[in-house]
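Each remark here refers to the structure printed beneath this line.
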Amino acid sequence: MEANFPAFFLLFVFTFCSFVSSALSSTVGVDSISRLLEIQDREKAPASVQEAAARAVLHRLLPSHSSSFDFRIVSKGQCGGEYCFMIRNHPSFRRPGDPEILLAGTTGVEVVAGLHWYLKHWCGSHISWDKTGGSQLFSVPKAGFLPRVYDTGILVKRPIPWSYYQNAVTSSYSFAWWDWKRWEKEIDWMALQGVNLPLAFTGQEAIWQKVFQEKFNMSNSDLDDFFGGPAFLSWSRMANLHGWGGPLPQSWLDQQLILQKKILARMYELGMTPVLPAFSGNVPAALKNTFPSAKITRLGNWFSVKSDPRWCCTYLLDATDPLFIEIGKAFVERQVQEYGTTSHIYNCDTFDENTPPFDDPEYISSLGAAIFKGMENGDSEAVWLMQGWLFSYDPFWRPPQMKALLHSVPVGKLVVLDLFAEVKPIWITSECMLHNFAGNIEMYGVLDAIASGPIEARKSVNSTMVGVGMSMEGIEQNPIVYDLMSEMAFHHEELDVKAWVDRYSTRRYGRLIPSIQDAWNILYHTVYNCTDGANNKNRDVIVAFPDVDPSLISVQQEWSHHHGKLESRTAVKEVTESYDRPHLWYSTSEVIRSLKLFISNGDELSRSSTYRYDLVDLTRQALAKYANELFLKVIEAYHSQDVHGVAFHSQRFLDVVEDMDTLLACHDGFLLGPWLESAKQLAQNEQQEKQFEWNGRTQITMWYDNTEEEPSLLRDYGNKYWSGLLRDYYGPRATIYFKYLIESLERGEDFRLKEWRREWIKLTNDWQTRGNIFSVRGTGDALNTSRWLFNKYLSTPEMELINPY
């Protein structure tokens, strides 16, 4: 399944296929797209429009300083032919009220990124998503007293042109229910982070409706079965499913198209290069009736329990069929007509989880050529952007097949995203790794790789690298990872990560506190130092409860030395494939030590929203691993036929779930309510409200279809540590499992797996249609709650013995 994506990835334009790493530098990639860049520069919004858009970002971010900065768009010639921003002391500054700092850049994005650079490195501020604590701007001096920069000014050039953002599924895991107000905030965030190549997928169903109805005689009912529901559009777009969660109301199609036009207008005003979708071959089932001679293939089952034809097994038009180019052209042309402009870059992932029927290189080459031809016929300057993820997970793509596809498109016309390049970059091994799945909440990252990987890739022999980027499946988590990665778009050399992390903690909270720096240094070497190469799909027991007979989980005690102490933990020895064990790559005792430092400084920092978010997240992280250990103790007691032990540890586990829900309720960033309420707010009537809420509830629980006795194959893939979800769903689910464990021992019989599944599935299906309301605002004292939970669970001798090694 498409994964919640990397902390970072790299963009390569393929002139030939090379995955060799070296220390030499090359500009092959940038040279290959130079013509496209020239066209895009000519077609950018006028300088006055970009300057006004940049000023508007400043006004929304820091209205008290609207007159403190002056913005100016300059030519690339003033930046040595590169994209850059410049920060200078304003020559006309004399008194408070005059502009103090002059920010110049080649586009509105560079100007706004320069604003962020100044606020970050000269004023000690921090900018983050609202859910992850928001922005820390109180460290910025009052207007009229801003820090002066060097007399010679500051010049920062991009080492490569593009900074990419989003993933094909982010639109469902994070953006599904956004209105313009939320989108405006995100576009501001993108500009501040220097993002200039974002995906722009919103509203495409309305375009497809127009194309298929007007050009190819499709009816509304034909398309009702084609599109997925609002929370599942990403996968109907990728031909993984159809109809699931639908049908889409006409009001949804109309409002999303209006929203897309606002999104694109703002992106263009800031000088961004939005990436539009292209035709991948995914077609309505009814098309085969209208065009009976077309080469349309029914695809196989994609994670459906019983291959239910109501949503399983979509239809793919062969790229070698002449109709493919016709549809591809019509879709691109209609987008240009609706939006009035294009940046000429189109995303298409025909082969993402859809393997071609033949592996003959000539056939693969013909497929690639036809896909691109459809784009090019609609836009003569088209460039194809595709994910490189398929080259990693699908064994079909051996070197001959990869070469055939990559060489099927003219030089400079294909850009490949090297997803999850922080651990296994394609540019070295043709493999890749994921950072975040489905918006799961887990503290995780590989900071050292983020600070070095883009530099190494750019300096490699015959490098065709043209950009860096962030392609997570879900946003609003791990702010340190995205802060560092966005900054790397402007660095030419590797960073000293230890020094950067020290400065990060000071900026994030607006104060220098040495012990907090120590705490973050521990996190840098533990949760943010995952080097085991494993994909971090969160499978903590609380949020991804094992659906397995307990007799099949074998546990053992493991011992190790850490800081001179002999420590132990209960660990999984053997397990069946049905139990996806939680990922643990660090010393939990070290992370608890970091949490203790966080708590001890709470009185000084408790008014900071960024601190409160990090405190809740870190406490949650520690408790989650403690709960994993408790679950294994339950299993250990079950194997020993110790009913009292099972009951004791089960209740302890349920107490943690209940108490963690109380903790998560202390911050707006960990609430179920906003997800569900924002879904309902987009509804036009009661029927839509129920449909949209069902979509939202289903995505984060069962995800896909199930029977009465067979759970979804994607259950808990979209799990979340959200207050309301733990108390209302995860806790009751665990209670059912523990009930059957105790009954098994008391009755002297095998664990009743089918009965457990039947009751759990009923709980889930009932929960998906329940209409209870959850809070949209955080309540409670994060510091005192964290202290209470630390003392209750994490400071005991039992917990101090837990260590992963």
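Please give the FRET efficiency for ASP225 paired with ARG398, using the beta carbon to beta carbon distance and R0 = 45 Å, rounded to the nearest 0.05.
0.80
Just reorder ARG60, ARG42 by solvent-accessible area, largest first, 1.4 Å probe, all chains present.
Putting ARG60, ARG42 in descending order of accessible area: ARG42, ARG60.
Between the stretch 612-678 and the stretch 684-749, what's the alpha-carbon centroid distance in Å?
With the stretch 612-678 and the stretch 684-749 each reduced to a Cα centre, they are spaced 16 Å.
Taking a quarter of the surface of the Cα convex hull of the stretch 447-516, what do you get in nm²?
So the mean shadow area of the Cα hull is 5.6 nm².
Work out the FRET efficiency for GLU43 and HIS121 from their Cβ-Cβ distance, taking R0 = 45 Å, and round it to the nearest 0.05.
0.90
Using only alpha carbons, build the gyration tensor for the stretch 605-760 and give me the equivalent ellipsoid semi-axes, biggest first, whole Å.
Each semi-axis is √(5λ); the values are 31, 24, 10 Å.
Using a 1.4 angstrom probe on heavy atoms only, work out the carbon and sulfur share of the accessible area of the stretch 90-195 in %.
It is 54 percent, rounded to a whole number.
If each of LYS142 and THR320 carries a label point 7 Å out from its Cα toward its Cβ, how far apart are those two points in nm?
Using points 7 Å along Cα→Cβ, the separation is 7.5 nm.
Whole Å is fine, so just give me how far the alpha carbon centre of the stretch 212-242 lies from that of the stretch 287-311.
Rounded to whole Å, the Cα centres lie 12 Å apart.
Taking θ as phi - 60°, what are the ³J(HN,Hα) couplings along the stretch 606-615 by the Karplus curve (6.51, -1.76, 1.60), each to the nearest whole Hz, with x for Gly and Pro?
Taking θ as phi minus 60°, the curve returns 5, 7, 8, 5, 5, 5, 5, 4, 5, 5 Hz for the stretch 606-615.
What's the extension gain from GLN684 to TRP788 if we count 0.36 nm per residue and subtract their Cα-Cα distance?
33.1 nm
Tell me which of ALA457, GLY245, LEU37 sits at the most positive position along the dipole axis of the chain, charges placed on C-beta atoms (Lys, Arg +1; Asp, Glu -1).
Selected residue: LEU37.
Once you have the Cα-Cα distance between SER64 and ASN301, take 0.36 nm times their residue separation minus that, and quote the gain in nm to one decimal.
79.7 nm
May I ask which residue of LEU406, LEU367, LEU317 lies farthest towards the positive end of the charge dipole of the chain, with charges of +1 (Lys, Arg) and -1 (Asp, Glu) on Cβ and the Cα centre as origin?
Projecting each Cα onto the dipole axis, the largest value belongs to LEU406.
With θ taken as phi - 60° and the coefficients 6.51, -1.76 and 1.60, list the Karplus ³J(HN,Hα) couplings across the stretch 55-66 in order, rounded to whole Hz; mark glycine and proline as x.
4, 5, 4, 4, 5, 6, 7, 9, x, 5, 10, 4
Whose amide H sits under 5 Å from the amide H of LEU199, counting only residues 5 or more places off or on another chain, with H placed in the peptide plane?
Correct list: TYR165, VAL275.
In nanometres, what is the gap between the two model label sites at VAL776 and LEU552, each 7 Å from Cα along Cα-to-Cβ?
A separation of 4.3 nm, rounded to one decimal place.
Could you tell me which residue out of GLY228, PRO198, PRO161 lies farthest along the dipole of the stretch 147-258 toward its positive end? Charges go on the beta carbon: Lys and Arg +1, Asp and Glu -1, centred on the Cα centre.
PRO161
So how far apart, in nm, are the two label points at THR707 and GLU381 if each is 7 Å from Cα heading toward Cβ?
Result for the modelled spin labels: 5.6 nm.
Quick one: net charge of VAL501's neighbours, Cβ under 12 Å, K/R +1, D/E -1?
-1
I'd like to check one number: the per residue accessible area of the chain, probe 1.4 Å, reported in Å² as a whole number.
Result: 35 Å² of accessible area for each residue.
At R0 = 22 Å, how high is the FRET efficiency between GLU476 and ARG607 if r is their beta carbon distance? Nearest 0.05 is fine.
0.50
Compute the length gained on full extension between HIS644 and ALA534: take 0.36 nm times their separation in residues and subtract their Cα-Cα distance, giving the result in nm to one decimal.
Net length gain for the segment: 36.0 nm.
Please list 3J(HN,Hα) in residue order for the stretch 750-755, calculated via the Karplus relation 6.51 cos²θ - 1.76 cosθ + 1.60 where θ = phi - 60°; whole Hz, with x for glycine and proline.
5, 4, 8, 5, 5, 5
Once you wrap a convex hull around the alpha carbon atoms of the stretch 32-163, what is its projected area averaged over all directions, in nm²?
Across all orientations, the stretch 32-163 yields a mean hull projection of 8.8 nm².
Using only the Cα atoms of the stretch 236-323, each taken as one equal point scatterer with no solvent, compute I(q) by the Debye sum, divide by I(0), and report log10 of the ratio at q = 0.14, 0.16, 0.23 Å⁻¹.
Cα-only, vacuum Debye calculation for the stretch 236-323: -0.69, -0.83, -1.11.
How high is the relative contact order of the chain, in percent, counting Cα pairs under 8 Å that sit 6 or more residues apart?
17 percent
Evaluate 2.2 N^0.38 Å with N set to the residue count of the chain, then give the Cα radius of gyration divided by it.
My calculation over the Cα atoms of the chain gives 0.95.
The values are calculated or read from the model by the stated rules, or taken from the named source; none is laboratory data. For clarity, every value in this text was computed on a predicted model and none was experimentally measured. As a convention, Cβ positions derive from the backbone with ideal geometry for all residues, glycine included, and neighbour counts pool all protein chains shown. Protein only, heavy atoms only, side chains kept; ligands, DNA and RNA dropped before computing areas. Shrake-Rupley method; radii C 1.70, N 1.55, O 1.52, S 1.80 Å.
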